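A.B. asks: Below is a structure I'd like to ask you about.
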C-alpha cells in the first residue's frame, strides 16, 4: 500500500511538472504570436498624405488582421487578439465558409463560430496573397479584398490547405478602423 502511494505521488508530480512546462512554453509561444501582430494597425490619427501611404496602411491592416487569426499552434489561440480588429457590436455581420447561410449577426455570435473553427485544428494559419490585395476608401468607410491561403492540421492529424477569398469592410469610428463586415468564400469549381 505504501509503494502504491509513492507511485501515485510520483505520477502526480510528473504530470504537474509536465503541465507547468507546457504552460510556460504555451505562454512563450503566445507572447511571440501576439508580438508579431501590429495590434495598433487600426489606428490612423492623421489624414493620409498620399495614395501610396493610404494603400500601405490598409494592406498593413489586412496583414496584421490575418496574423491575428494565425496562431500556428491553436493551444495558444485567444479570441481577444483578433477581437481588437472588429466592431464588437450587433452592427457587425459576416459570412464564412460554414453554415448558417444567412451569416452571423454581431460579434458575440461570430466570435463563437470562429473560435470553434480555429480550435478544430491543432495548427491553423491564414496568409494573405500580397499580389491580390485591393482596396478602396470613401471617407470613413473602406473595403479590401484579397486571396488567402488557410492551412493547418486537424485535431485528427490530417493536413489541409484551402485557397479562399476574403472581403473586409472597415468603418472608422473614434480614430479606429474596425471590421464591420467580412465575407470569406471559396471559388466554385464545377466537377468534370
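The values are calculated or read from the model by the stated rules, or taken from the named source; none is laboratory data. Since the structure is predicted, the reported quantities are computational estimates derived from the model, not experimental observations. Cβ placement follows ideal geometry from the backbone for every residue including glycine, while neighbour counts extend to all protein chains displayed.
A.B. asks: For the subset of the stretch 154-168 comprising residues that are out of contact with any helix residue (DSSP H, G or I) (no Cβ under 9 Å at 6 or more places or on another chain) and part of a strand (DSSP E or B), which member is nearest to residue 93 (Cα to Cα)?
C.D. replies: Ranking the candidates gives 167 first.
A.B. asks: Still on this model: Yes or no: residue 47 exposed (fewer than 15 other Cβ atoms within 10 Å of the Cβ), modelled with pLDDT under 85 and not in a helix (DSSP H, G or I)?
C.D. replies: yes
A.B. asks: Of everything in the stretch 91-102, what is under 15 Å from residue 169 (Cα atoms) and either out of contact with any strand residue (DSSP E or B) (no Cβ under 6 Å at 6 or more places or on another chain) or assigned to a loop (DSSP other than H, G, I, E, B) (or both)? Give them in sequence order.
C.D. replies: If the condition is that a residue be under 15 Å from residue 169 (Cα atoms) and either out of contact with any strand residue (DSSP E or B) (no Cβ under 6 Å at 6 or more places or on another chain) or assigned to a loop (DSSP other than H, G, I, E, B) (or both), then 91, 92, 96 are the ones that fit.
A.B. asks: Continuing with this model, one more query. Could you list, in sequence order, the residues of the stretch 130-142 that are part of a helix (DSSP H, G or I) and either surrounded by 15 or more Cβ atoms within 10 Å (Cβ to Cβ) or touching a helix residue (DSSP H, G or I) at 6+ places or on another chain (Cβ under 8 Å) (or both)?
C.D. replies: 130
A.B. asks: Further question on the same structure: So which pairs qualify, if the first residue must be in the stretch 163-192 and in contact (Cβ under 8 Å) with a residue 12 or more places away in the chain and at positive phi, the second must be surrounded by fewer than 17 Cβ atoms within 10 Å (Cβ to Cβ) and outside any strand (DSSP E or B), the Cβ gap must be under 9 Å, and the two must be at least 6 apart or on different chains?
C.D. replies: Hits for this filter: 175/45.
A.B. asks: Moving on to the next point. Condition test on residue 165, is it surrounded by 14 or more Cβ atoms within 10 Å (Cβ to Cβ) and under 18 Å from the mean Cα position of the chain (by Cα)?
C.D. replies: For residue 165, the condition - surrounded by 14 or more Cβ atoms within 10 Å (Cβ to Cβ) and under 18 Å from the mean Cα position of the chain (by Cα) - is met.
A.B. asks: Could you check, for the stretch 111-129, whether at least one of its residues is at negative phi, part of a loop (DSSP other than H, G, I, E, B), surrounded by 11 or more Cβ atoms within 10 Å (Cβ to Cβ) and within 18 Å of the chain's Cα centre (by Cα)?
C.D. replies: Yes, some residue in the stretch 111-129 is at negative phi, part of a loop (DSSP other than H, G, I, E, B), surrounded by 11 or more Cβ atoms within 10 Å (Cβ to Cβ) and within 18 Å of the chain's Cα centre (by Cα).
A.B. asks: Here's something else I'd like to know. Give me the residue from the stretch 131-156 that is over 17 Å from the mean Cα position of the chain (by Cα) and closer than 18 Å to residue 69 by Cα and, out of that set, modelled with the highest pLDDT.
C.D. replies: Of everything passing the filter in the stretch 131-156, 133 is modelled with the highest pLDDT.
A.B. asks: Just the residues that are in contact (Cβ under 8 Å) with a residue 24 or more places away in the chain, surrounded by fewer than 17 Cβ atoms within 10 Å (Cβ to Cβ) and under 19 Å from residue 143 (Cβ atoms), please, taken from the stretch 50-76.
C.D. replies: 54, 55
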